[in-house]
Amino acid sequence: MGVKVNIKSLNPKGFQNYTKSLEKKVKDKINIAGLLVMNTAIDSIRGGGKSGLVYEKYSPRRTHRSSAAGQAPASDTGVLAGMISLNLTENNMVAEVESKAKYSIHLEFGTQNMKARPFMFPALEENKPKIRRMFATIKGKAK
């Protein structure tokens, strides 16, 4: 006498509903993760607490405190913070946080004449634990 094991799949309609529900949850979390990183980057620029040099600027005339090396850039005109955006790509399964200001790369990584004032990668690093926890909750619910 032999041993027989039957393995049945979920009902196809139920499985489709399950995968659609899971996909929506993942897409929602990806969007939230992108917003967290974007908002943290913007807040780091707009926030106070900069400890760089204070100097006079013209057109319009104002006093400005710059950021020190290693700090996020200090906001002056608001252009840098205003050019940070979130783009969802690949059917909303990828979040891209981008700074479109031409000088962003120089601030993030520095130049020969200026040390870096990173704001994008620190925003991602600050939010990684929160993002991991968000996705862990999906994983836990998907069992």
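Where a number appears in this text, it was derived from the coordinates with a stated rule and is not lab data. No experiment lies behind these values; they were computed from the predicted model shown. In this analysis, Cβ positions are derived from the backbone assuming ideal geometry, glycine residues included, and neighbour counts consider all displayed protein chains.
Spin-label pair Val26-Glu56: with each label point 7 Å from Cα along the Cα-Cβ axis, the two points sit 5.9 nm from one another.
Largest GNM mean-square fluctuation among Ser59, Ser99, Ser75, using the chain with Cα springs under 10 Å: Ser59. Across Arg132, Arg117, Arg65, mean-square fluctuation computed from a Gaussian network of the chain (C-alpha pairs under 10 Å connected) peaks at Arg132.
Report which label in (1) 13.8; (2) 14.7; (3) 9.0 holds the value of mean projected area of the Cα convex hull in nm² derived from the coordinates of this structure. It is the one labelled (1).
Could you calculate the contour length gain from Asn91 to Arg132, that is, 0.36 nm times the residue separation minus the distance between their Cα atoms, to one decimal place in nm? Provide the component values of the computation, followed by the final result.
On the way: separation 41, 0.36 × 41 = 14.76 nm, distance 2.10 nm.
That pair, Asn91 and Arg132, stretches by 12.7 nm at full extension.
Each Lys and Arg adds +1 at its Cβ and each Asp and Glu adds -1 at its Cβ; summed about the Cα centre, region 28-141 shows a dipole of about 280 debye. Cross-link partners of Lys20 among aspartates and glutamates, defined as those whose alpha carbon lies under 20 angstrom from its own and excluding same-chain residues fewer than eight positions apart: Asp28, Glu90.
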